[in-house]
Structures are given as C-alpha cells and as structure tokens.
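Contents: one structure, followed by commentary.
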Amino acid sequence: MSMVKLVEYAEAAPEVRAVYDDIMATRGVDWISNFFKALANDPPTLKRVWENGKQVMAPGALDPLTKELLYVAVSVTNGCSYCLHSHTAAARSKGMSNAMFAELMRSSDWPTRPTGWPTATRCRWTNASSRRSEPATASRRRGRPGASAPRAAA
C-alpha cells in the first residue's frame, strides 16, 4: 500500500496530465507507473524527476541497456525493491538476458553483502537459532551476524 495517494490520469491536474502524456509518448506505453503517480502529488517534483530521467536516458556515450544495468546495480545497493523490479523489467525490455542479470548481481552485490542477492531475488534471511524467516533488511537492522553493525545512538 502506498504511503501517499496515487494520482490517476482521470483525476490529474492539467500540468500532471501533460507530464503523464509525455511519459507515455516517450516510453511508448499506455500506462503510468505508481512511482510517477505518487510523485504527482507535487507536480513540480513530478516534472523535475521526469525531465531528469529523460536527460539521463537520452542518447549518449552509454547505450540505454547499459544505463538500465547501472540503475539495477544501484537499486540492489540501495536495497530498493520497487526500483529493482522497475529497472530489471526495463533492462530486460532493452535486451538484458538471464546470464547478464546473474553477472550483474555477482558484480554489484559485493558492497551490500549479505543483502545484495536477497534483495535482488526477494529471498528471506533465516535465523538458524529460531528457524524464523525474515527479510534481509530486518536482519541488518537487528545487527545479525554478517550484517552491518548497528548504529550507535545519537
């Protein structure tokens, strides 16, 4: 469930519809992702984020697939499940194979071990002493072995 209202096209203000129309035309789709629907609660932010994304994905020295692969790697590092799913789908649509995905995970999960692969594969961490499964991010928060050290109180 979203923490903010998702602004649907039918109820969007004209400035939001203009951005939605540009998103759909640029991407060649007939739908708007929930990410942009959430951002539409603040039309200037929606427009700025979309314009920035278009600039990043514009033709340049890096091809579109390489740019999406970078987004996937950053999504793993950041532990953002939504971003990971979104950019993995986009990378697959631009030609990413299963072998490419596996190699990318081998290359990008090392800064986040042990959470890189669990984030990417939606695996759950199992506490050996209790045989309880919990999300990898929860294990990091609780300072489980092999996870980042807990933060000191400020």
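The values are calculated or read from the model by the stated rules, or taken from the named source; none is laboratory data. Everything numeric in this text was worked out from a predicted model, so none of it was measured. Reconstructed Cβ throughout: ideal geometry from the backbone, glycine too, with neighbour counts over all protein chains shown.
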(message) Checking L46 against (1) aliphatic (A, V, I, L, M); (2) under 20 Å from H85 (Cβ atoms); (3) surrounded by 15 or more Cβ atoms within 10 Å (Cβ to Cβ): exactly one of these is not met. Which one?
(response) (2)
(message) Would you confirm, using the coordinates I've provided, whether S108 is crowded, with 18+ Cβ neighbours inside 10 Å, outside the structural domain of V19 (by TED's automatic domain parsing) and among the polar types (S, T, N, Q)?
(response) yes
(request) Within region 59-79, track down each residue that is modelled with pLDDT of 95 or more and small (G, A, S). (result) G60, A61
(request) Any chance you could count how many residues in region 1-27 are under 26 Å from K94 (Cβ atoms), surrounded by fewer than 13 Cβ atoms within 10 Å (Cβ to Cβ) and under 20 Å from the mean Cα position of the chain (by Cα)? (result) 1
